[in-house]
Structures are given as structure tokens and as C-alpha cells.
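The values are calculated or read from the model by the stated rules, or taken from the named source; none is laboratory data. Worth saying up front: this structure is predicted, and the values here are computed from it rather than measured. Cβ placement follows ideal geometry from the backbone for every residue including glycine, while neighbour counts extend to all protein chains displayed. For the accessible areas, the whole protein counts, side chains as well, though only heavy atoms, and no ligand, DNA or RNA atoms are used. Shrake-Rupley method; radii C 1.70, N 1.55, O 1.52, S 1.80 Å.
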Protein chains: 2
Amino acid sequence: MTSTTHGNLIIGQSGGATAVINASLVGAVEAAVADGRIAGIYGMLHGIEGLLKEDLVDLRQQPVDVWPRLLHTPSAALGSCRYKLQEGDPERVVAVLRRYNVRYMLYIGGNDSADTAHRLAQAAQQVGYDLQTISVPKTIDNDLPFTDHCPGYGSAARFLALATMDSTMNTIAIPSHYPVKVIETMGRDAGWLAASSALGKRNEMDPPHIILIPEQPFNAERYLEQVEAIYRRLGYVIVVAAEAVRDEQGQPLGAVGQVGTDAFRHPLLSGAAQYLVELVRQHLKVRARFDKPGDLQRMASNSISRTDRDEAYLVGQMGTRALLNGESDKMVTLIRHTEPAYHCSIGLVELARVANVQKLLPDEYLDTSKTMVTQAFYDYALPLIGDPLPQHAKLEKTRIGR
Amino acid sequence: MTSTTHGNLIIGQSGGATAVINASLVGAVEAAVADGRIAGIYGMLHGIEGLLKEDLVDLRQQPVDVWPRLLHTPSAALGSCRYKLQEGDPERVVAVLRRYNVRYMLYIGGNDSADTAHRLAQAAQQVGYDLQTISVPKTIDNDLPFTDHCPGYGSAARFLALATMDSTMNTIAIPSHYPVKVIETMGRDAGWLAASSALGKRNEMDPPHIILIPEQPFNAERYLEQVEAIYRRLGYVIVVAAEAVRDEQGQPLGAVGQVGTDAFRHPLLSGAAQYLVELVRQHLKVRARFDKPGDLQRMASNSISRTDRDEAYLVGQMGTRALLNGESDKMVTLIRHTEPAYHCSIGLVELARVANVQKLLPDEYLDTSKTMVTQAFYDYALPLIGDPLPQHAKLEKTRIGR
């Protein structure tokens, strides 16, 4: 006999992996194991792609130590995908789920994954198959709506704050070598990650000095003026730029150089940072270079925010509990409380309202220059990155007289 | 009355900063404070450049907590420089030292810094000024001769080993997205840093799969064959390339694209990694991208190797003691012992033998492919990176049958 209370649960991970997406998986599985109503606990390998291919693994058949260890293991242990549902796919997926008597589905992912979960819920409903789907939020980009923030962001933000503090110390020790440094961050269309580079900044001297986010159209002249002014004042300039920064015509900076450059030995421009470095070199005649941490910012196992990991576990756990409470076609959200201290409770929002909606960095988090964050952003983001950032020591510069 | 036993000590930091160069400064200062024979303890701001400008600070006038905190602070707290001595400079420096009654000089740096220290020792001798100089080794590049390894390398190697493990997990989770990743490392003309990316590799599947070092001339055809073979076998390929890799004509890969591309919107090629990514994109038609951690690899405060920090402290401490023992014109070296367990003792080598000599990665550390390291390299490098690397957890892939 098949009933919703005796069906199987399937879990998938989707989109770009994060340092804590496995914590959500662990939370979801442990909540399912703790409840007697779920029979099989299955995992999709590489998300919906694996589900379509019936490439499924048994999450009840795991060594006992795997779950606590996965809490500290970055990336998606089930494998991930970036697969947009094709025509006919939702019906095919529902047929697979029916074959395996899957009645509960948890999909851990970002905007696109929420859309996928929503379409599967609709497809199941259309054919009268009793399926509950819950989406568990995950993205370093922090661009999901209705949730205070997204698990994965806190750890990536911690990485970028530390990376900006640390790698800039080299510039400060020897500013004459490369006085201008550009650090390129991810973040899709949103400036949350680029903004997080400022979380270790305590005064005007500290890096970063200019933050370029996708929400603000880039103007080369203004940028060069700003770089030059800071260079004259401090002797060095740290610029943090989101890879998706666009010029005033909406063209991504990293793509500008691609026009007309296709010959083998004239490679395409690789990104915003390189473009920004070239601008400085050519117009200000100042040595500049860039760091591009790339995937490391989503994945660094030694920059995981404890708060982020705990919350990632919580949203996974509460995703399973929401299914068991009869909820469906919804995304788990984090609701912030500040009394007596920062903590989050859990909410739910209709997937139809979430799918493909992006939450951009609001204006109140930018000062009038539009290239630096406000105190309101620190208040928002500092609790998310966990333990306090280190305070690097400085020598007193008491000069020796002759 | 001035005598060598009552003169002042001056300390400078030079060259690219590291995550532990301050530990050497702390070791040197604490050894000087502990010994009654040294009067003033001075620091040059920005190395020899500061000395020439008499930009000197008093290291006895520091808050008590600064030294223990500097042990955990990356970068050069005194500031650094990359200054090649000009004609007349050595004599000018000696005049400054005489003015401040400096009889002991410690210079913490790499190859160029050893050369500087040596030339200053010679200049002092020529004018009959009683000066002892000792060079304290420091370089992430690990290319100083006569020392088993260089303080700074262990922490950078730890960073690169972890970064390769972590950021590659994203590729493995979702290989269809960007199956080929190139990670660009520093290392000047030596492959030590690129090689260290393999320290977390436990089997053939693990990254990196191809290591490109400056010592081995690059052949594009062989590279593409290797990438394609690994891609067919595993579905993804991780390449680690030193930024100074050169083609068979001795031309750095990062410079190849510069020929003929100088127009503003056709920027110069930024480096080896981008070149290697373009080769894959254009010839294998496979999506590829690169990470370039840049200065973060020399500077990450959360990847410091405890062994490296301890040894950096030791070489600083022993540098001061060598001065007090009457030694001069020498570099401190680390001598490895393996019984009963890995540890280092301290030696000294004539600066004349060190200056401007590079120790490259020896052939015995490369297998026959010349793109992968041998067990001998692991035996050499693993003790240097401190605590064991994390072992990331994996799920058992027990498939569900229908």
C-alpha cells in the first residue's frame, strides 16, 4: 500500500556548489532518519539530470561517520547540475518519481533550482500524482528573495573579507611594486559578494577602496578619477569588482574586449578584473594586477562561517520537517531576529513567488559614491560570517632620531 | 665609547612578503631583547630603501602584545621593498649605519636580499667599518640554495594544496559546467609552488592532473593531448601552472599573446592560465576557466603552516644569535633531520655562495611525464605544511534499483 506517510524521500543538490551545501543535506537526512514516517531516503546524483537518468543513490546505506564529516566538507556531495528543464521533462521526472514511490522531494539550490522544483510540483499536480516538493535555499550570490539571506553566502563573504584583508597586506607592505590591485568576485547580477569584501575594513585606509557591483553602471572616466585620487592620497588602491559589472550600455566589462578579437594568439578578454587593470595601466601609467580567487570563494574549507554552516543545517532539517508537516511547493526561508542576539527562525514562501526573482543589493547599503558600503550593510552582513575576523597587528612607527 | 658588543641592531624585511615573515622578525627581536649586549633595536621601513632615507623605527618602543600578535599576522610589518642597490648606495648605507652606531644587521629576504646583504658587508669592510650582517631566509618560491627549504614556502604550499583540493570539488560536483580548470601559481623560475598543489592528491582521480612548471619547456601539442586524454577518462581536468611557464623558445606563455596586441580595447594577455584556458577552448572546444589566487597564496592568514611559522621564528632568532656569536656575511639555513621525526637544526652559509643562485625543482621530484610529482616530493614537502590536510568526506554511491 502506498500513502504519503509511507513514501520515499528524494534529495538533490543543484546549481553552483557552496562550502556548506552539504550541511543542508546532512540536516535533511538526519531529520528524515529521526522521523519514522519516511521509508527510503534517496539522493539524485547531479540533481535533476541524475533523476531523469534514474541515477539514484541510497542515503540510508552510508557509513555512520559520513554525516558528521560531510558537515565540514565543501561542495555538493551528491554532485550538482545546471540543467534547465526541457519540454516533457517535468512529466518524465514525475514518472520516475512514481516508479520509485517518491512522495517527498527536497531540492537544495538557488533561483533556477526553485523554478525547477516549482515546475515539478505543478507537473505532479496535473497528473494527480501525490508529491510534495520543498526547495532549500543555497547560493553564495545571496540573491534569493523572501529570505533574509542565503546559506552559502556567509562563508563566501567570510572568505572574501579575509582574502581582501590578507592579500592587500602585501600591497601595503610594498606599494611601489603594484600600487593598484583588483580583486574579482562572483555574484551573478548582484553585488552581495563584492560588498562582503569590505567586512574587514575598519577605516578609510583599509581595503577595499572602491567596490564595483553589477547594480551600478560602470563609467570608466569616474573609475579612473577615483583610482587616481586614492592613489595620490594613500599610495595604493584596492578595487573589488564583481565579474558581472556592466558599462552604461549594459555590456559586461569582461566582454568589451571580445569585439573583434578572435584570432588564436589574440585571446579574448577574460574578465572584468583584467579590463580594470588595463584601464589603470594605460591611462594612469601605474602598475596594477589582479587576483581572481574563482571557485575558491565558494568552496574554501578553512573559511567556513560557523553561523552559515549551522543555518545551512537548519534549513535542510526544516525542509524535511516541512514535508512531513504536509507543506509543498514552497521554499524554506531564514527570518532574522536581533533580540536578545542575532539568530534566525524559519519560514516558508510559495515557490511561485520565488522562482527566477533576484534580490539585488539595496541602495541603503551603498553610500553616495555608490562604490562603498554603509554601516547598514555591516549590520546586515557581519553576523553572517561567524567568528570575528582577525585583527592583524601593526608596529608602532616611532621614528629613531639621529 | 662604541664597541661591537654595545652597538645597535637593525632589522629589515625585503622582497615579496609571506604569511610568516613577521615570525622571523619576532624571533630576531625577542633574541635581541633577551641578550644584554645589544643596545638599540631598530627597524628599517621598507627595507634598504628606508635605510637609505633614514626611515627607521624603534623596535624597543612597541606595545607588549604586538610581538605575540605579529606571530599570527601575515605580510611584512616593517614594510618591504624590491630595490636593487645602485652605484654608491652601499657606501651611503654604511654611512647611515655608522651615524646610528649600527653594528649588527639582519636582513630577512630571498635571493636578491641575500645579494644586498652581501654587498653591504663588503662595503663596510672596504671602509673599515665594523659591521656584521646576517641574512635570514624567506621566500614562498623556495628557491634559495643551501637551505633544505625556505620559511614562507610551507604556508604557501599549504594554501595551494588546500585551494586545489577545495576549488576542484566544484568542478567534480558539476563537471559538465567547466570541465577544465587551470589554477595559476607563483614561484618565479622554480616549480616548487606549482608542485605543492599536489600535496592533497591521494590517487590518480584527485587533482591536479597536470602540473606545468617553469623548469619544463611547454609544448602546446603535448599539453592538449594530455588534457584531452584525461578529459576522456575522468570527465574533468585540473591543470596547475606556474605563471612563469615558458614555451620551447623560452618565451613566457603569458607574454605570447602580447605580440601585436596593444590597442586599448584589445588588452594584453594577462598570464599563463588564460593562455592555457584559451588553448583548450579553441582546440578541444571544451569549456575551461581559471582561478588565479594571486597574492592570497603568499598571505592567507588561515592557511599558515605551524611548522613554517615555528621555523620562521627559529631562523630569525638564530640570525640574531649568529650575530652575537660574531658571525657575518652569512645566511641562516635550515638543515633537515628525519630521526626520530622531522625537525630542523640551523646552519650558516657564506652569502657569496647564496646571492643570486636559484634552487630549482630537481628532476627526482618529477615522474617521467614531467607533469606530475613523485613520492620523493611528498616526502620532502608534506612535513613543511604543518597539520595534516583535511580528508573531505564522500558519499557511498550505492545505486537504488527499481
ask   = Restricted to region B:267-310, and to residues that are aliphatic (A, V, I, L, M) and in a loop (DSSP other than H, G, I, E, B), which residue is nearest to B:ASN170 (Cα to Cα)?
value = B:VAL286
query = Does A:ILE11 satisfy the criteria of being over 24 Å from B:PRO390 (Cα atoms) and free of Cβ contacts under 8 Å to residues at least 60 places away in the same chain?
reply = no
message = I'd like the full set of residues that are under 25 Å from A:ASP295 (Cβ atoms) and of a type in the set (S, T, N, Q), limited to region B:135-172.
response = B:SER155, B:THR164, B:SER167, B:THR168, B:ASN170, B:THR171
query = Across region B:116-149, what is the total count of residues that are within 20 Å of B:ALA190 (Cβ to Cβ) and in contact with a His (Cβ under 8 Å, 6 or more places away or on another chain)?
reply = 2
ask   = Quick one: would you say A:LYS181 is under 29 Å from B:GLN13 (Cβ atoms), open to solvent by less than 10 Å² (accessible area, probe 1.4 Å), basic (Lys, Arg) and in contact with a helix residue (DSSP H, G or I) (Cβ under 9 Å, 6 or more places away or on another chain)?
value = yes
task = Would you mind stating whether B:VAL96 is over 15 Å from A:HIS392 (Cβ atoms), of a type outside the set (S, T, N, Q) and touching a residue at least 24 places away in the same chain (Cβ under 8 Å)?
result = yes
inquiry  = Here is a check on your reading of the model: is B:ARG98 over 17 Å from the mean Cα position of the chain (by Cα) and of a type in the set (D, E, K, R)?
reply    = yes
task = State whether one or more residues within region A:369-387 are hydroxyl-bearing (Ser, Thr, Tyr), closer than 15 Å to A:PRO151 by Cβ and either under 18 Å from the mean Cα position of the chain (by Cα) or in a loop (DSSP other than H, G, I, E, B) (or both).
result = no
request  = Inspect region A:28-37 for any residue being among the hydrophobic types (A, V, I, L, M, F, W, C), surrounded by fewer than 21 Cβ atoms within 10 Å (Cβ to Cβ) and either facing another protein chain (nearest Cβ under 8 Å) or assigned to a loop (DSSP other than H, G, I, E, B) (or both) and give the result as yes or no.
outcome  = no
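What strands (runs of 3 or more DSSP E) lie completely within region B:162-250 and have 1 or more residues being within 14 Å of chain A (Cβ to nearest Cβ)?
B:180-185, B:237-242
Listed here are the residues, each with its yes/no results for (1) buried (at least 18 other Cβ atoms within 10 Å of the Cβ); (2) touching a Lys or Arg at 6+ places or on another chain (Cβ under 9 Å); (3) away from chain B (no Cβ under 14 Å).
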{"position": "A:ARG321", "(1), (2), (3)": "yes, no, yes"}
{"position": "A:LYS330", "(1), (2), (3)": "yes, no, yes"}
{"position": "A:TYR365", "(1), (2), (3)": "yes, no, yes"}
{"position": "A:THR368", "(1), (2), (3)": "no, no, yes"}
{"position": "A:TYR380", "(1), (2), (3)": "yes, yes, yes"}
{"position": "A:LYS397", "(1), (2), (3)": "no, no, no"}
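So, in region B:332-358, how many residues would count as being outside any strand (DSSP E or B), open to solvent by 50 Å² or more (accessible area, probe 1.4 Å) and over 14 Å from B:GLU311 (Cβ atoms)? Talk me through it step by step, then tell me what you get.
Taking region B:332-358 as the starting set, the residues that turn out to be outside any strand (DSSP E or B) are B:338-342, B:351-358.
Now restrict to residues that are open to solvent by 50 Å² or more (accessible area, probe 1.4 Å): B:338-342, B:352-353, B:356-358.
Among the residues that remain, those that are also over 14 Å from B:GLU311 (Cβ atoms) are: B:338-341, B:352-353, B:356-358.
Residues meeting the conditions: 9.
For (1) among the aliphatic types (A, V, I, L, M); (2) over 20 Å from A:GLY152 (Cα atoms); (3) more than 10 Å from every other protein chain (Cβ to nearest Cβ), each residue gets a yes or a no:
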position	(1), (2), (3)
A:LEU70	yes, no, no
A:ALA77	yes, no, no
A:SER80	no, no, no
A:ASP89	no, yes, yes
A:VAL93	yes, yes, yes
A:LEU97	yes, yes, yes
A:LEU106	yes, no, yes
remark   = Among the residues of region B:296-308, the number that are within 14 Å of chain A (Cβ to nearest Cβ) and surrounded by fewer than 24 Cβ atoms within 10 Å (Cβ to Cβ) is 3
key: Which listed residue is closer than 25 Å to B:ASP379 by Cα, open to solvent by 10 Å² or more (accessible area, probe 1.4 Å) and either within 26 Å of the chain's Cα centre (by Cα) or without any contact (Cβ under 8 Å) to a residue 24 or more places away in the chain (or both), from B:PRO252, B:PRO208, B:PRO214, B:PRO151   = B:PRO214
ask   = Exactly one of (1) in contact with a Ser or Thr (Cβ under 6 Å, 6 or more places away or on another chain); (2) touching a residue at least 12 places away in the same chain (Cβ under 8 Å) is unmet by A:VAL245. Its number?
value = (1)
inquiry  = Restricting to region A:50-61, and then to whatever is crowded, with 19+ Cβ neighbours inside 10 Å and within 8 Å of another protein chain (Cβ to nearest Cβ), can you tell me which residue is nearest to A:ASN111 (Cα to Cα)?
reply    = A:LEU56
request  = Scan B:GLY15, B:GLY7 and give me the residue that is within 13 Å of chain A (Cβ to nearest Cβ), closer than 22 Å to B:MET318 by Cβ and at pLDDT below 95.
outcome  = B:GLY15
